[in-house]
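Here is the structure we will look at.
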Amino acid sequence: MLGEGILKGLAETAKNFFGSFVSKERLTTVQFPEERLPQAEAARNFPFLVYDGHDWQAGLRCVACQICEKECPPKCIFIEKSKDKKPDSMGKQQFYPAVFNIDVSVCMSCQICVEVCPFDAIEMDTAFELSTGDRFDGLLWRKAQLAKPNSYFHQIHPTAAAEIDKRLAEAKAKAEAKAKPVAAAAQPDPAPPTKS
Amino acid sequence: MPETIDQIFVVLKHWLVGYSPVWLQPIVGAIVSVVAILVAFASLFALTTILERKGLGRFQNRYGPNRVGPFGLLQPVADGLKSLTKEDIVPHSADAVVHLLAPIVLVTAAFMGYAVLPVGRNMVAVDLDAGLLYFFAAGSIIELTIFMAGWSSRNKYSLLGAMRAIAQMISYEVPLILSSITVIMATGSLSTVDIVEKQAGYSGIWPHWFVFTPWGFAGFILFTIAAIAESNRSPFDLPEGESEIIAGYYVEYSGFKFALFFLGEYIGMFAVSGLAITLFLGGWSAPFSFLTWIPSYLWFFGKLLALIGLFIWIRSTLPRLRDDQLMNFAWKFMLPMALINLVTAGAWHFMSFGPVRWLVSTILVVVPYLLLGRGLMRSKKLETRIYRFAE
């Protein structure tokens with residue numbers, strides 16, 4: 001009969017209308033600032049620099065190799081290499097970034113900098129409620145702003161951080177094991193340099 | 001006491017008018033009525049926008065706006081401020097004068113219909129002898145303004161929307177007026193005040209509303225469908241189909257002019273709903289004789305809000321029609337039904353009281369409905385559509 005479908009449809013929407021007042025399950029909306037869904041662990045937004053220990057300037061893992069700067073597709077990273085060297089977490093003398101800037105208005109959150117970093121020094125942050133009143137300087141993040149402790153990294157990406165920590169610890173142990181005999185061998189006979 | 005509350009606005013108007021000199025009193029009285037109508041229906045518009053958004057949300061299992069003020073009730077204020085502060089853009093090649101005039105004339109025309117709408121006992125701005133005729137005449141200006149808007153914008157989408165609007169509104173004006181003619185036949189008057197007063201009596205506790213007769217019921221349904229089409233609301237919102245022609249004749253309007261269009265459309269919807277109430281739902285009269293102590297204007301606005309709720313409900317349920325479906329429905333279903341309904345009303349009028357009259361009228365309504373519905377459905381066989389592309 002003509003109009004039957006219309007009545008059925010009206011009944012359906014009426015059910016929705018009254019049901020939405022009665023049952024909470026019907027309303028799938030998450031009212032954002034008050035209610036939040038948990039973030040996925042792989043969530044990412046902008047990169048940050050990881051540092052070990054408590055002093056961000058001494059513990060920064062970045063050695064200013066500038067690979068990320070070259071690989072960055074939109075060229076939002078700017079690095080200036082230091083003139084002097086500083087010991088890194090392995091105790092090896094390394095360069096460090098005198099300037100490390102990321103223009104977040106240009107960054108496209110592609111994570112390529114993270115993929116290419118051989119030192120696991122740059123990682124993706126999950127903070128997304130970011131705003132600034134200054135659209136020029138406020139969008140250029142400097143080294144001090146980018147440096148975040150390893151504990152923070154553990155907090156936002158626990159699996160990835162644990163994996164990296166394990167890898168770094170292994171590398172350190174290996175380096176120490178290697179350095180010991182070398183140091184022992186180097187003590188009595190300094191003349192021939194080791195071939196390997 | 002109930003009479004005093006019922007007539008409080010009338011008394012207030014007389015008291016206000018009494019302060020002006022005698023020769024000025026007709027003009028002052030008119031101004032007072034106009035201001036009252038403007039304030040009442042503009043605030044009803046604000047209320048309806050929030051009701052519609054929240055209601056639509058609930059119909060779709062959402063919350064709707066709930067951020068501005070308690071329960072989001074201040075949302076209309078925020079919307080109004082937003083549209084006031086927006087930049088007003090007129091296209092370079094547009095006809096600037098007509099472009100500016102269209103929303104203004106629309107709002108004016110939409111408000112003009114209220115002059116003859118009795119919103120309560122003795123509460124009508126002017127009791128014209130040809131009130132109904134005036135209402136339709138004023139309402140037809142809306143079509144003109146929509147075409148003005150579409151034409152002056154110099155935009156293909158605007159023009160398409162305006163042409164759709166003209167086709168639709170002229171097609172649906174026919175059943176709209178034909179279905180209201182039945183009421184004129186029953187009352188023998190074009191005056192809206194007379195029409196309401198004819199319905200204000202009671203048999204026992206039951207009112208004499210025309211919607212409670214077979215022809216009145218059919219007329220009310222036809223009138224409501226035509227009213228939805230006249231006010232360009234879903235499912236008849238082809239002129240502004242967002243997904244097809246962006247927003248039709250609205251495309252080139254921004255800021256306050258767009259807000260005026262929005263206002264005009266809603267005001268037009270209230271006016272035509274108010275007319276539906278006046279013609280079929282007994283205007284300001286109470287639905288039961290023992291409820292007459294409630295002020296008459298409350299009944300009118302209650303019925304108006306109920307009809308608006310029905311419109312929102314229908315909007316949330318039905319998808320937009322296609323052009324050919326719209327025209328088929330108007331000319332192959334609405335028009336024959338409205339014409340047969342005229343015969344039904346005439347038969348009802350000339351037959352004596354009793355069950356025979358009811359039987360004949362009901363048959364005259366139901367049988368054509370079933371036959372027409374079946375006839376229309378028969379040609380609507382669902383089959384796989386074969387698309388042919390240009391090579």
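Evaluated against (1) surrounded by fewer than 11 Cβ atoms within 10 Å (Cβ to Cβ); (2) in a loop (DSSP other than H, G, I, E, B); (3) more than 8 Å from chain B (Cβ to nearest Cβ), A:M1 falls short on exactly one condition, (3).
When A:E35, A:E71 are screened for being without any contact (Cβ under 8 Å) to a residue 40 or more places away in the chain and of a type in the set (D, E), only A:E35 passes.
Residues are listed down the side, and each one gets a yes or a no for (1) of a type in the set (V, I, T); (2) under 21 Å from B:L307 (Cβ atoms):
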site	(1), (2)
B:E143	no, no
B:W151	no, no
B:V196	yes, yes
B:I221	yes, yes
B:P235	no, yes
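Check every one of the helices (runs of 4 or more DSSP H) wholly within the stretch A:111-180 and list those with 2 or more residues that are farther than 24 Å from A:A58 by Cβ, hydrophobic (A, V, I, L, M, F, W, C) and open to solvent by less than 80 Å² (accessible area, probe 1.4 Å). Those helices (runs of 4 or more DSSP H) span A:112-116. Can you find a residue in the stretch B:378-388 that is within 12 Å of chain A (Cβ to nearest Cβ) and at pLDDT below 85? Taking every residue of the stretch B:378-388 in turn, at least one turns out to be within 12 Å of chain A (Cβ to nearest Cβ) and at pLDDT below 85.
The set of residues in the stretch B:296-313 being open to solvent by less than 20 Å² (accessible area, probe 1.4 Å) and farther than 26 Å from B:D237 by Cα consists of B:S296, B:F300. Kindly indicate whether any position in the stretch B:264-275 is open to solvent by 50 Å² or more (accessible area, probe 1.4 Å) and among the aromatic types (F, W, Y). Within the stretch B:264-275, not a single residue is open to solvent by 50 Å² or more (accessible area, probe 1.4 Å) and among the aromatic types (F, W, Y). Which of the residues belonging to the stretch A:4-33 are of a type in the set (V, I, T) and open to solvent by 30 Å² or more (accessible area, probe 1.4 Å)? Residues satisfying the conditions are A:I6, A:V22, A:T28, A:T29, A:V30. Do we have A:V30 as over 15 Å from the mean Cα position of the chain (by Cα), modelled with pLDDT under 90, away from chain B (no Cβ under 14 Å) and assigned to a loop (DSSP other than H, G, I, E, B) here? No; evaluated as a whole, the condition is false for this residue. Given the criteria more than 14 Å from the chain's Cα centre (by Cα) and either crowded, with 21+ Cβ neighbours inside 10 Å or closer than 20 Å to B:F111 by Cα (or both), does B:G282 qualify? In short, yes. Among the residues of the stretch B:307-322, not a single one is in contact with a Lys or Arg (Cβ under 8 Å, 6 or more places away or on another chain) and at positive phi. Just to be sure before I move on: is B:A390 in contact (Cβ under 8 Å) with a residue 12 or more places away in the chain and aliphatic (A, V, I, L, M) in the structure I sent? Spelling it out, it is not the case that B:A390 is in contact (Cβ under 8 Å) with a residue 12 or more places away in the chain and aliphatic (A, V, I, L, M).
Among the residues that make up the stretch B:37-49, is at least one of them of a type in the set (A, V, I, L, M, F, W, C), within 28 Å of the chain's Cα centre (by Cα) and within 14 Å of chain A (Cβ to nearest Cβ)? For the stretch B:37-49, residues of a type in the set (A, V, I, L, M, F, W, C), within 28 Å of the chain's Cα centre (by Cα) and within 14 Å of chain A (Cβ to nearest Cβ): absent.
Can you confirm whether the stretch A:50-59 contains a residue that is outside any helix (DSSP H, G or I) and more than 23 Å from the chain's Cα centre (by Cα)? No: zero hits.
Considering only residues in the stretch B:311-323 that are more than 18 Å from B:G248 (Cβ to Cβ) and more than 7 Å from chain A (Cβ to nearest Cβ), the one that is nearest to the chain's Cα centre (by Cα) turns out to be B:F311. Look at the stretch B:3-22: where a residue is without any contact (Cβ under 8 Å) to a residue 12 or more places away in the chain and part of a helix (DSSP H, G or I) and a partner is hydroxyl-bearing (S, T, Y) and exposed (fewer than 10 other Cβ atoms within 10 Å of the Cβ), sitting 6+ places away or on another chain with Cβ atoms under 8 Å, you get B:V11/B:T4. B:R315 falls short on exactly one of the conditions (1) under 20 Å from B:N232 (Cβ atoms); (2) of a type in the set (K, R); (3) not in a helix (DSSP H, G or I), and that condition is (3). For the residues A:F100, A:F48, A:F95, A:F21, the requirement of being hydrophobic (A, V, I, L, M, F, W, C) and within 14 Å of chain B (Cβ to nearest Cβ) singles out A:F21.
Could you please give the count of residues in the stretch B:12-29 that are open to solvent by 50 Å² or more (accessible area, probe 1.4 Å) and either within 29 Å of the chain's Cα centre (by Cα) or closer than 28 Å to B:F270 by Cα (or both)? Number of matching residues: 6. Does the stretch B:74-90 contain any residue that is open to solvent by 70 Å² or more (accessible area, probe 1.4 Å) and within 14 Å of chain A (Cβ to nearest Cβ)? No, the stretch B:74-90 has no match at all. All of A:R36, A:R44 fail the test of being of a type in the set (K, R), open to solvent by 70 Å² or more (accessible area, probe 1.4 Å), touching a strand residue (DSSP E or B) at 6+ places or on another chain (Cβ under 7 Å) and assigned to a loop (DSSP other than H, G, I, E, B), apart from A:R44. Whenever a residue of the stretch B:70-94 is closer than 21 Å to B:Y266 by Cβ, its partners that are open to solvent by 80 Å² or more (accessible area, probe 1.4 Å) and aromatic (F, W, Y), lying with C-beta atoms within less than 8 angstrom and at least six residues away or across chains, give the pairs B:S83/B:F256; B:L84/B:F256; B:K86/B:F256; B:D88/B:F256. Tallying residues that are open to solvent by 10 Å² or more (accessible area, probe 1.4 Å) and assigned to a helix (DSSP H, G or I) within the stretch B:251-263 yields 7.
Exactly one residue among B:R233, B:R164 is open to solvent by 30 Å² or more (accessible area, probe 1.4 Å) and of a type in the set (K, R), and that residue is B:R164.
For the stretch B:335-351, the criterion of being within 14 Å of another protein chain (Cβ to nearest Cβ) and either within 27 Å of B:A165 (Cα to Cα) or in contact with a Phe, Trp or Tyr (Cβ under 8 Å, 6 or more places away or on another chain) (or both) is met by at least one residue.
Here the stretch B:352-391 is the region considered, the condition is being more than 29 Å from B:A330 (Cβ to Cβ) and within 32 Å of the chain's Cα centre (by Cα), and the residue that is least open to solvent (accessible area, probe 1.4 Å) is B:R357.
Looking at the stretch A:62-74, can you tell me whether even one residue there is part of a strand (DSSP E or B), away from chain B (no Cβ under 11 Å), modelled with pLDDT under 90 and open to solvent by less than 40 Å² (accessible area, probe 1.4 Å)? Looking through the stretch A:62-74, none of the residues is part of a strand (DSSP E or B), away from chain B (no Cβ under 11 Å), modelled with pLDDT under 90 and open to solvent by less than 40 Å² (accessible area, probe 1.4 Å).
The values are calculated or read from the model by the stated rules, or taken from the named source; none is laboratory data. Just so it is clear, the structure is predicted and the values come from calculations on it, not from any experiment. Here Cβ is always computed from backbone atoms with ideal geometry, including for glycine, and neighbour counts include all displayed protein chains. Heavy atoms of the whole protein, side chains included, go into the accessibility calculation; ligands, DNA and RNA do not. Shrake-Rupley method; radii C 1.70, N 1.55, O 1.52, S 1.80 Å.
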